[in-house]
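**Q** Before anything else, here's the structure in question.
No value in this document is a laboratory result; all are computed from the given coordinates. Quick caveat, the model's predicted, so the values are computed rather than measured. Using ideal geometry, Cβ is built from the backbone for each residue, glycine included, and neighbour counts are taken over all protein chains shown.
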Amino acid sequence: MSRSLKKRIVMNDSSGGNKQKGVVLIITLLVLLIMIIATISLIRSTDTSLAVLGNVILRQSANASATTAIETVAQNIAFIDFSGPLPSGYYASIQNNESANGVPAVLLTGGDTGVIVSPRDAVGNTTRTVVERMCNTAGSCLVPLDRSGVTDAPSKADELLVLSLGRRVRAGAYYRVTVRVDGPKNTLSYVQTIIVN
């Protein structure tokens, strides 16, 4: 070997290589730490996403149970005589004691008195339903919402219908159906709609 080649090899093999190995170790540890933090945040994100998905599924099942209860009421409402004694859960007029959101007080407690109770379904939801005829008093009642020429103030039933539907509606018998759904994991949902007969 020539002398200049040996000199180059010796010059390249200086003690600076040991310093580089220490820097590489520190950089490797930092990259490993960043990867661990990213993995932990990904796991937490996945857990949060699964929890949100579970809540969405519970909400959809509660809405499906409420829809079933409302459809049952809609099918049976024509057979209810509101001039006589009413079955549990049916009211001839709007109940005065309700929450700020319009939920009847009898539903807020979650009891079985004064409501229509459906047995627990396959998903684990129990529905409690209240049907209120949109009248201020019991007796004969068709809601005439064409108020032209009427000088008295609109009734509570009139106001509720206009607020709920956002428009004037045709005269007829209107019913406000409120459903409380008690589901698995202590979930609670309220659904409210208006049915015209």
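**Q** Report the FRET efficiency, 1/(1 + (r/R0)^6), for Gln75 and Asp121, where r is their Cβ-Cβ distance and R0 is 25 Å, rounded to 0.05.
**A** 0.90
**Q** Still on this structure, I have one more. Cut-off is 10 Å between beta-carbons; in what order do Tyr90, Tyr174, Tyr190 appear when sorted fewest neighbours first?
**A** Tyr190, Tyr90, Tyr174
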